[in-house]
1. Please go through segment 182-194 and give me each residue that is surrounded by 24 or more Cβ atoms within 10 Å (Cβ to Cβ) and part of a loop (DSSP other than H, G, I, E, B), ordered by number.
2. Determine, yes or no, whether SER2 is under 30 Å from LEU311 (Cβ atoms), part of a loop (DSSP other than H, G, I, E, B) and at pLDDT below 85.
3. Any residue in segment 449-462 that is exposed (fewer than 14 other Cβ atoms within 10 Å of the Cβ) and within 28 Å of PRO374 (Cβ to Cβ)?
4. Condition (residue is touching a Gly at 6+ places or on another chain (Cβ under 8 Å), touching a residue at least 12 places away in the same chain (Cβ under 8 Å), closer than 19 Å to ALA413 by Cβ and of a type in the set (Val, Ile, Thr)) applied to segment 192-204: is it met by at least one residue?
5. Condition first: out of contact with any Leu (no Cβ under 9 Å at 6 or more places or on another chain) and among the hydrophobic types (A, V, I, L, M, F, W, C). Now tell me which residues in segment 223-276 satisfy that.
6. Can you spot a residue in segment 349-360 that is without any contact (Cβ under 8 Å) to a residue 40 or more places away in the chain, surrounded by fewer than 23 Cβ atoms within 10 Å (Cβ to Cβ) and either in a loop (DSSP other than H, G, I, E, B) or of a type in the set (A, V, I, L, M) (or both)?
7. Considering each of ASP178, ASP241 in turn, give the residue that is modelled with pLDDT of 95 or more and either more than 17 Å from the chain's Cα centre (by Cα) or not assigned by TED's automatic domain parsing to the domain that holds PRO330 (or both).
8. Could you grab me the full set of residues in segment 195-224 that are over 28 Å from GLN480 (Cβ atoms) and either more than 12 Å from the chain's Cα centre (by Cα) or assigned to a strand (DSSP E or B) (or both)?
Amino acid sequence: MSSLGHQLATSVLVVGAGGSGLRAAIEVAEAGVAVIAVAKRTAESTPAAMGTSGSAWPPAGSSPDDVCQRHAAETLREGRLLADPRTAQVVARYAERGFQDMGRYGPRRSGHPYDSAAFTGTHAGPGVHRALQTRAAELGIPVLTGVYVTQLLVDDGTVFGAYGFDLVDGSRYLVHADSVVLAAGGHTRIWRRTSSRRGESGGDAFRLAVEAGARLRDPELVQFHPLGLVGPEHVAGLLVDEAARGEGGVLLNNLGERFMARYDTERMERCSQDRVAAAAYTEIKEGRGTQAGGVWLDLSHLPRETVLTRLPLVHQTLLDVQTLDITRDPVEVTPTAQYSLGGVWVRPEDHSTDVNGLYVIGEAAGGLHGANRPEENSLIELLVYGRIAGRAAAEYSARLTVQQRSPAAVRAAESDVSRLLAANGDQNIRALLRSVRHLMTEHAGVVRDEAGLAAGLAGLAEIEARTAHAGIHIDIGGFQDLAYAYDLRSTLLAARATLECARERRETRGSHHRSDHPDVDPDLTATLMWSPATGVRREPVPPTPTHIAELVRDVSTDAGSPERRR
């Protein structure tokens, strides 16, 4: 096998073929600019979920300007004032344009012209993804699947492509590009229980961007969903629709106690998602959880007809994966890492980064969500910034008078892969990965404290030292062990950034819970920026325009409750 099997060139390279990546690639292709997308998974892979609830906001009859302002205000309120107001305004301003684009691509909308909830709900994610796949195919966009990107190629602060390998035969890929759009997901896979699928959201985008010269913004801010399935293994982390709480489901610990009475006597299970997740985590941590590390979600007291008509997908899915009838028996659930709220620092106008020609979008990017998020924003963001960043990347390419190249950077990327392939130490890569995930769950899970974070950092340093003695074993199944080695590198970087920033954020705000600092610290209404060179640095959140600030209500304890999302 030759060390370099494939050399390609394009104007714009998109790393990642999920919703954000496909939307960006479509925008580039529709502008008549050459684009290639690369992805670890097959193009047919779509997000899997048991369903999530939509939102009735904004109200019918609202004017476009009013809707935009209220959307931005709602985003900032849900984000507990840590979201970038400029990003929130861009997403609100161009949300309707995103809906119009999707109308051209396929999925039907509700009749109301400003109904963001038309793109949330049980089937929204897969439906949008299928529509984007269809449009990408119509445009003939090349999507290289089964290709693992190991490094972005950078020279003098400017990106000029990417290097990677084929997961099956190990052949190398060198893709020269004028600009790169990074859409490779967040970092929720670095916890033991996560809703992301295997091989996804392991911090790839964080590592690729940081190694290229970018910074991370608020990596400690992670949304944990309280209702992830404990098992069986092949569906562990699959999320149960939040509507199960809204419809009257109760949570019980292993003593049969309805434990939410200890945490919110008024709202009980219907309080905010982050509070329910923290309560369930505390019950488990204090020994009142199930043997498998969960709690019980019980719907058996509800009329059978209510469950079948209001929660049909939840009922059917649990019958399929656990042969469990939720009208009769409780289901075992546990807090599950769901969404990276922070990410790579990007400019709000076009999601460009500290690296010339590099754009980051989707869950890989920080700025929009702050310490929590309205559920619909994850889809709206990919529609809005997929288009904006795709167009910006295409225009950047068109402006170039010379194409950046560096044989030395290519040789370094090639040598890095070859060095890992030659590693023959006694440390197992997958065991090291499991160790990091266990460490993050124990010391930087839903509820954190100073002692736990310090122990997490010490344990992480030990794992980092062991990686020097790792062994890579290529077998007839392909080059997956090499991929795990890069996954480990990504996981270690994302874990260190998360632990260091979580230690610095000594407050409880939104999805970030510090048991030793239970209140909001006004001085920490700030962005935590991280890079390996500088560590953690605070930066002020840009000011909110007066007309938006007037709409931002005081954050109340019912923010994010299931009733608000029904």
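The values are calculated or read from the model by the stated rules, or taken from the named source; none is laboratory data. Every value quoted in this text rests on a predicted model; they were computed, and no experiment measured them. Virtual Cβ from ideal backbone geometry, glycine too; neighbours counted across all protein chains shown.
1. Of everything in segment 182-194, those that are surrounded by 24 or more Cβ atoms within 10 Å (Cβ to Cβ) and part of a loop (DSSP other than H, G, I, E, B) turn out to be ALA183, ALA184, GLY185, GLY186, HIS187, TRP191.
2. Judged against the criteria, SER2 is not a match.
3. no
4. Looking for residues that are touching a Gly at 6+ places or on another chain (Cβ under 8 Å), touching a residue at least 12 places away in the same chain (Cβ under 8 Å), closer than 19 Å to ALA413 by Cβ and of a type in the set (Val, Ile, Thr), one finds none in segment 192-204, hence no.
5. Listed by number, the residues that qualify are PHE224, VAL230, LEU255, ALA261, CYS271.
6. No, segment 349-360 contains no residue that is without any contact (Cβ under 8 Å) to a residue 40 or more places away in the chain, surrounded by fewer than 23 Cβ atoms within 10 Å (Cβ to Cβ) and either in a loop (DSSP other than H, G, I, E, B) or of a type in the set (A, V, I, L, M) (or both).
7. One residue alone meets the criteria, ASP178.
8. Once the filter is applied, which keeps residues that are over 28 Å from GLN480 (Cβ atoms) and either more than 12 Å from the chain's Cα centre (by Cα) or assigned to a strand (DSSP E or B) (or both), segment 195-224 yields GLY213, ARG215, ARG217, ASP218, GLU220, GLN223, PHE224.
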